Amino acid sequence: MKTSALGIVLAVAGGVVSGTVAAAEIGGKVTLKGTPPAERTVEFDALCGKLHTAPQTTRHFVVGTDGGLANVFVYLKEGPAGKTYPPPAKMPVLDQVNCFYEPYVMGVMTNQKFQIKNSDPLMHNVHATPKEAGNREFNIGQPVKGMVTEKSFASREVLVRFKCDVHPWMFAYVGVLEHPYFAVTDKDGKFALPADLPAGKYTVVAYHLKAGEASQEITVAEGDKKAVNFTLEVPAAR
């Protein structure tokens, strides 16, 4: 698949390397080809049902403007050669709101602390089920509204599944990488990687839980602004 001409406005400003050299910017859009199956209506229990005034559905395929696909984890397969990145101090938040995990897909760096919060007036439990060695499974209860727990993962993994054993429709997925060059597509399928990428050759990967994975090899020069667009397909019915 060839990289198309730059046709979007990136949501981040260009960075500066060594005070003088502009870093590269990579953004784009992920489009879904085909008609996805209808989402299923969530069957809430009595307590969670009180938090909603209208039916809610699963989030397997969230498709926006012109077929843009949300919740795609886009990342560099390998970070810039020879560089290491300490985990940032900023802690992302995986929240539980109206008996759903928010966001549905997010990313963190290895050993970066993130917060898991319960914003509901009822009990949730948070059950992470990683598969990679070094990432420990945990299952914690959060019975009180406003409760926050801090966690981190030591190893790369795309993606770690979170579920709630109390509410079986609740899932979230967290990508874990050794570098910061990742993003999640928005409601229109658009994404922008951090804008301080050094010049070089990279493989950009777009991964969706249902539509699968695609990748592109790119070369960026200093100050490049490149659009890397992907098309993922609805899998054939089994």
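Brief remarks on what is shown
- Sorting the segments 23-29, 214-220 by their residues' average number of neighbouring beta-carbon atoms within 10 angstrom, most packed first, yields 23-29, 214-220.
- All other residues whose Cβ lies under 9 angstrom from that of T129 are scored, Lys and Arg at +1 and Asp and Glu at -1, for a net of +2.
- Cysteines, the chain, no other Cys beta-carbon under 4.7 Å: C164
- Global form of segment 16-88, assessed from the alpha-carbon gyration tensor, a/c cut-off 1.5: prolate
- Per residue, the convex hull volume that the Cα atoms of the chain enclose (Å³): 144 Å³
- Counting DSSP beta bridges with both ends in the chain, the antiparallel % (nearest 5): 75 percent
- Charge context of C164, other residues only, Cβ under 12 angstrom, K/R +1, D/E -1: -1
- Taking Cβ atoms as reference points and 11 Å as the exclusive limit, the residues near L193 contribute a net charge of -1, counting Lys and Arg as +1 and Asp and Glu as -1.
- Normalised contact order of segment 86-178, rounded percent, pairs of Cα under 8 Å and 6 or more residues apart: 32 percent
- Protection proxy ranking, peptides 87-97, 123-133, average beta carbon neighbours within 10 Å, highest first: 123-133, 87-97
- Taking one quarter of the surface of the C-alpha convex hull of segment 86-178 gives a mean projected area of 5.2 nm².
- Of N71, N139, N118, the residue with the greatest mean-square motion in the GNM of the chain, using alpha carbon springs below 10 Å, is N139.
- The chain: relative contact order in percent, alpha carbon pairs under 8 Å with at least 6 residues between: 32 percent
- For the options L51, L159, L197, a Gaussian network treatment of the chain with springs between C-alpha atoms closer than 10 Å singles out L51 as fluctuating the most.
Taken together, the values in this text are just the output of simple stated rules run on the coordinates, not laboratory data. Not measured: the values here are computed from a predicted model. Here the Cβ is made from the backbone with ideal geometry for all residues, glycine too, and neighbour counts use every protein chain on show.
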